[in-house]
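Single-structure report; data block below.
The values are calculated or read from the model by the stated rules, or taken from the named source; none is laboratory data. These numbers come from a predicted model, not from an experiment. Glycine also receives a Cβ, built like all others from the backbone with ideal geometry; neighbour counts cover every protein chain displayed. Surface areas here come from the heavy atoms of the whole protein model, side chains and all, with no ligands, DNA or RNA. Shrake-Rupley method; radii C 1.70, N 1.55, O 1.52, S 1.80 Å.
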Amino acid sequence: MYAEERQQAIAQLVVERGRVSVNEISEQFDVTTETVRRDLSALERIGLVRRVHGGAVPASALAVIEAGLGERDQANTDAKDRIAEAALDLLPPADGTVLLDAGSTTGRLARQLPRDLRLTVVTHAVPVAARLAGGPNVDLHLLPGRVRPTTQAAVGADTVIALERIRVDVAFLGTNGLSIGHGLSTPDRDEASTKRAMVAAARRVVCLADSSKVGSESPIRFAELAEVDVLITDDGIAAADRRDLERAGVQVVVA
């Protein structure tokens, strides 16, 4: 099957099913996930589909589709575990300060924090705070704000104001999308404002994102690539995407 024929078939499949994952397309057409992502990018450029986290929806679908935390926690679990483990190497030394964003991968990082390392941890994520509460060497600070059911994290003006008053050594952030043209992005305005304040509060910004996020875009940008020091992702990242990110000044760590 020629690329054009495959792409036409993929577009039809997306219309019929409403949402199709990269892995499903890869299996159905017997091509690599990297090829699928290129096909979806080509289809999105001509307006036939819209890329979302882990797959695609019809172009007519709103780009604000956002999976809940429970659903995201079950996706790409092996890659997320490796990414979280790699992030341990970027923790500050003892008595340092860490800011943990909401998300399934940052939640895994919280679970893996060394119990013998003294850290001040600031978070707006209720699951992260619950996981770290009572830890022997964690000075835990939970940010105020309205808790979004989708991400189980505090957002809004109170959260942003609290973040404007602090400075941390490292912020570990998640993202719904990451691209050369649009930077780091998310579907929700309040979530974007909170993430933007997290970026501003950190001396060093580390993004934890599995490769399905690379090349995807959500409507609202919260960080330029120039504001990100390190991206930790998995080995599914396309070589061209990695080169482009590194040329943009982002250190890419493949877990």
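If R0 is 35 Å, what FRET efficiency do you get for D139 and I180 from their C-beta distance, rounded to 0.05?
Values: r = 38 Å, r/R0 = 1.08.
Plugging the Cβ-Cβ distance into 1/(1 + (r/R0)^6) gives 0.40.
Determine how large the accessible area of R111 is when every protein chain is in place; take a 1.4 Å probe and give Å² rounded to the nearest 10.
130 Å²
Report ³J(HN,Hα) in whole Hz for each residue of region 10-18, in order, from the Karplus equation J = 6.51 cos²θ - 1.76 cosθ + 1.60 where θ = phi - 60°; Gly and Pro get x.
Each residue's phi maps through the Karplus curve to give 5, 4, 5, 4, 4, 5, 5, 8, x Hz.
Run a plain Debye calculation on region 91-131 (Cα atoms as equal point scatterers, no solvent) and give log10 I(q)/I(0) at q = 0.14, 0.19, 0.31 Å⁻¹, rounded to two decimals, same order as the q list.
-0.27, -0.50, -1.19
Among V98, A3, L109, whose Cα lies farthest out toward the positive end of the dipole of the chain, if unit charges sit on the beta carbon of Lys, Arg (+1) and Asp, Glu (-1)?
Result: V98.
Please list 3J(HN,Hα) in residue order for region 248-255, calculated via the Karplus relation 6.51 cos²θ - 1.76 cosθ + 1.60 where θ = phi - 60°; whole Hz, with x for glycine and proline.
Each residue of region 248-255 in turn: 7, x, 8, 6, 9, 10, 9, 8 Hz.
For a quick check, take a GNM of the chain with Cα springs below 10 Å and name the residue from L117, L178, L91 with the largest mean-square fluctuation.
L117
Let me know the Kirkwood hydrodynamic radius for region 140-215, please, with Cα pairs as the basis and the value in Å to one decimal.
So the Kirkwood estimate lands at 13.0 Å.
Between Q28, Q112, Q12, find the one with the highest GNM mean-square fluctuation for the chain; connect C-alpha pairs within less than 10 Å.
The residue with the greatest mean-square fluctuation here is Q28.
Between D158 and E85, what length in nm is gained on full extension when 0.36 nm per residue of separation is reduced by their alpha carbon distance?
Taking 0.36 nm per residue and subtracting the Cα distance, the gain is 23.1 nm.
What angle do you read, to the nearest 10 degrees and between 0 and 90, between the alpha-carbon axis of helix 33-45 and the longest principal axis of the chain?
The two axes meet at around 80 degrees.
Once Rh for the chain is found with the Kirkwood sum over Cα pairs, what is the Stokes-Einstein diffusion coefficient at 25 °C and 0.890 mPa s, in µm²/s?
132 µm²/s
Expressed as a whole number of Å, what is the distance separating the alpha-carbon centroids of region 31-48 and region 106-155?
That distance is 36 Å.
May I ask for the equivalent-ellipsoid semi-axes of region 1-53, computed as the square root of five times each C-alpha gyration tensor eigenvalue and listed largest first in whole Å?
Here the semi-axes work out to 14, 12, 11 Å.
What's the percent breakdown of Cα-Cα distances in region 75-222 across 5 Å bins, shortest bin first?
2, 10, 20, 25, 22, 14, 5, 1, 0
Test of understanding: extend the Cα→C-beta vector of R45 to 7 Å, then name every residue of region 202-220 with backbone N under 13 Å from that spot.
none
Is there a quick way to get the dipole size of the chain? I mean about its Cα centre, with the Cβ of Lys and Arg at +1 and of Asp and Glu at -1; what is the value in debye to the nearest 20?
I would put it at about 580 debye.
Might you report the magnitude of the Cβ-based charge dipole of region 143-222 about its Cα centre, with Lys and Arg at +1 and Asp and Glu at -1, to the nearest 20 debye?
180 debye
Taking one equal scatterer on every alpha-carbon of region 175-255, how large is log10 of I(q)/I(0) by Debye at q = 0.17, 0.26 1/Å?
-0.58, -1.34
Would you please give the residues with an amide H less than 5 Å from that of G96, counting only those at least 5 places away or on a separate chain, with H modeled from the backbone geometry?
So G96 has HN proximity to T120.
Enter the Cα centre distance for the pair region 82-105 and region 208-255, rounded to the nearest angstrom.
Cα centroid to Cα centroid, the span is 17 Å.
What is the local net charge at V14, summed over the other residues whose Cβ is closer than 11 Å to its Cβ (Lys, Arg +1; Asp, Glu -1)?
Working: positive: R17, R19, R50, R51; negative: E16, E24, D39, E44.
Around V14, the charge tally is 0.
At a 1.4 Å probe, what is the % contribution of carbon and sulfur to the accessible area of the chain?
Carbon and sulfur together cover 46 percent of it.
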